[in-house]
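What follows draws every value from the coordinates through simple rules; no lab data is involved. The structure presented is a predicted model; accordingly, all values stated were derived computationally and were not measured. Here the Cβ positions follow ideal geometry from the backbone for every residue, glycine too, while neighbour counts run over all protein chains shown.
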Amino acid sequence: MIPVSARASGIEYAIRDVVVPATKLEQQGHEIIKLNIGDPIAYPGLPTPSHMVDAFAKAVKDGRNGYSPSYGLPELRTAIAKDESSKGWNCQSDDVYVCHGVTEALQIIFAATLEPDTKVLAPGPHYPPYLAYPQMYGAKTIEYRLKNDQGWSLDFDDIEAKMDDDVRLLVLINPNNPTGNVASAEDIDRLLSIAAKYPNCMVIADEIYDGLDFTGKQVSVASRSTNVPVFTLNGVSKVYYAPGWRIGYMALHDPINTMIDVRDGIERILRSRLCASTPAQLGYLAGLEGDRSWMDEHSKKVLSRRNLCIERINQIEGLDVQNPGGAFYMFIKLTHPKWTHDDKSFVLDLLHQEHVLLVHGSGFSPEFGAGHVRLVYLASEEALHEAFDRIERFLKNS
């Protein structure tokens, strides 16, 4: 047997790993209510806006199918820089690098900044690649605690206790996936003050859900930083409802010019992997430059479905949830005595018995996510009601 590399065999991605048994059930003829993947296109009433689709299609028809510059189309970089500057910091087009989604941006950042025995300090629970990818470079991810009984707010005492000179990247996902917590300007200022004590530490500000903030608190991390380097991550997937286009970006905020070598490394990696999709970049450009009033209607639907879920969860014995302030996820606590310490079995048994697919919380953090499940609340109201009817029946029969 030819051996697999340790770096590959150790990777887990809970969100998609649970799809494997669900697919087998579908092949047997069962219809599954899927509330597992944060893909807004998979749910009704939340299409990619037509002017963006038209721009993508026009690019293809016009033959704009060649390679773009490795750092992204100049006109898109300029539009992104303008959009980021509107959030309160001086972003220039040369600070913007277009990637094959935010996930590729993360891989490039890790490759350019991590060495063996360095660390990434990321929230627990968090988006799985923050745990999966650093180990490929001999680094490791340390989780700082989010307070599950206080709206999943940041535990600054835990952050300070875990910071040291080996931490290269301090991560803030805002709004957070999977909890939906939104950090305020005051939270961000405190986080930056901690990072400022460590000259080799940079902040990753994952703001892919920034347009899905229902609290009014969300602000750009780069806009708050005067002395800490920041990688701002964003893209077309969530707020512009086009995840399959795989267009994201990193924007570098380097207020005291400490990232010159890091920037050079990032550019070398970007050149070596060619470019992101050219037609999809033009579709995103249309979204940035076009009318955004359509976003209000989409957000109203998302908020309405969130409120429905909160109402139903509060009526079901065995579940508890902290109200999410942003994104489109709920991180639900299992209070039923049978399941409170076995969230993965809950997910798998619920799938097989009631054909509802969630994601086990321990897949987002073995320590801080255990005893929870993540639910994507973008399905139709009818589907959500049916899902909660099935979950309630499952818990009563447990």
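Here are a few things to note about the model shown:
- Ordering I109, G38, L25 by Cα displacement along the dipole of region 5-114 toward the positive end leaves L25 in first place; charges were set at the Cβ atoms of Lys, Arg (+1) and Asp, Glu (-1).
- For the chain, calculated [θ]222 nm from helices alone, where every DSSP H run of n ≥ 4 adds -39500 (n - 2.57): -11000 deg cm²/dmol
- Long-range amide H partners of I142 with built H, under 5 Å: V120, L121, A122
- Dipole-positive endmost among Q322, S86, L191 within the chain (Cβ charges, Cα centre): S86
- At full extension, A6 and H352 could sit 121.4 nm farther apart than now, given 0.36 nm per residue minus the alpha carbon distance.
- Remark: relative contact order (region 262-361) = 12 percent; criterion is Cα-Cα distance under 8 angstrom and separation of 6 or more residues.
- Toward the positive end of the charge dipole of region 258-368, with +1 on the Cβ of Lys and Arg and -1 on the Cβ of Asp and Glu, the farthest Cα among V356, S299, A276 is that of A276.
- The calculated FRET efficiency for N65 paired with R273, based on their beta-carbon distance and R0 = 25 Å, is about 0.90.
- Cα gyration tensor shape for region 1-148, rounded if a/c is under 1.5, else prolate or oblate: oblate
- In the chain, the longest principal axis of the Cα atoms and the axis of helix 74-85 are about 70 degrees apart.
- Nearest-ten-degree value, helix 101-113 long axis tilted from longest Cα axis of the chain: 60
- With Cα atoms defining each centre, region 281-350 and region 133-211 are spaced 22 Å apart in the structure.
- 27 Å Cα-Cα reach of K140 towards lysines, excluding residues that sit fewer than 8 places from it in its own chain: K119, K162, K197, K344
- Rg to Rh quotient for the chain, alpha carbon positions, Kirkwood Rh: 0.96
- Across the chain, C-alpha contacts under 8 Å between residues 6 or more apart give a mean separation that, scaled by the residue count, equals a relative contact order of 23 percent.
- Against the chain, whose longest principal axis is taken from its Cα atoms, helix 185-195 shows a tilt of about 60°.
- Sorting 259-270, 187-198 by average packing, meaning the other beta carbons within 10 Å per residue, from highest down gives 187-198, 259-270.
- Within-12-Å neighbourhood charge of I32 [Cβ basis; K, R +1; D, E -1]: -1
- Here the extension length gained between A42 and Y198 equals 51.9 nm, from 0.36 nm per residue of separation less the Cα-Cα distance.
- Column: log10 I(q)/I(0), Debye, Cα scatterers of region 167-269, q = 0.12, 0.15, 0.18 Å⁻¹: -0.41, -0.63, -0.88
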